[in-house]
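The values are calculated or read from the model by the stated rules, or taken from the named source; none is laboratory data. Being a predicted model, the structure only gives us computed values, none of them experimental. Please note that ligands, DNA and RNA were not included when accessible areas were found on the heavy atoms of the full protein model with its side chains. Shrake-Rupley method; radii C 1.70, N 1.55, O 1.52, S 1.80 Å.
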Amino acid sequence: MATTNIWQQFKSLIPEGGRTIVTITLNNGDVTSTATLRDGTVIRVQGESVAAGNNALIQDWLVKAELPALATYEAEV
């Protein structure tokens, strides 16, 4: 008989690792890129598939995809 744990079922819906939208500021030439978070923090990530000046989706410090430049909104909850 399988255990029904609602919390484990919920966690299985969420992908592992955090996903973040960044702006690529520089391709470093060593298979890494310098990226800027929305709060201005500068980080180094793995991958050079997104050109400088474009938005990227990163997951676990790895560039996953280029994202379009869309308007962003903030809402306090």
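Subtracting the Cα-Cα distance of Thr36 and Ser49 from their residue separation scaled by 0.36 nm leaves 3.1 nm. Convex hull of alpha carbon positions in region 23-64: directionally averaged projected area 2.5 nm².
What the phi angles of region 8-20 give under the Karplus curve with 6.51, -1.76 and 1.60, with θ = phi - 60°, is a coupling list of 5, 5, 5, 4, 5, 7, 9, x, 5, x, x, 10, 9 Hz, glycine and proline written as x. Think of a 1.4 Å ball rolled over the protein heavy atoms: region 12-77 then has 73 Å² of accessible area per residue.
Normalising by residue count, the chain has a Cα convex hull of 134 Å³ per residue.
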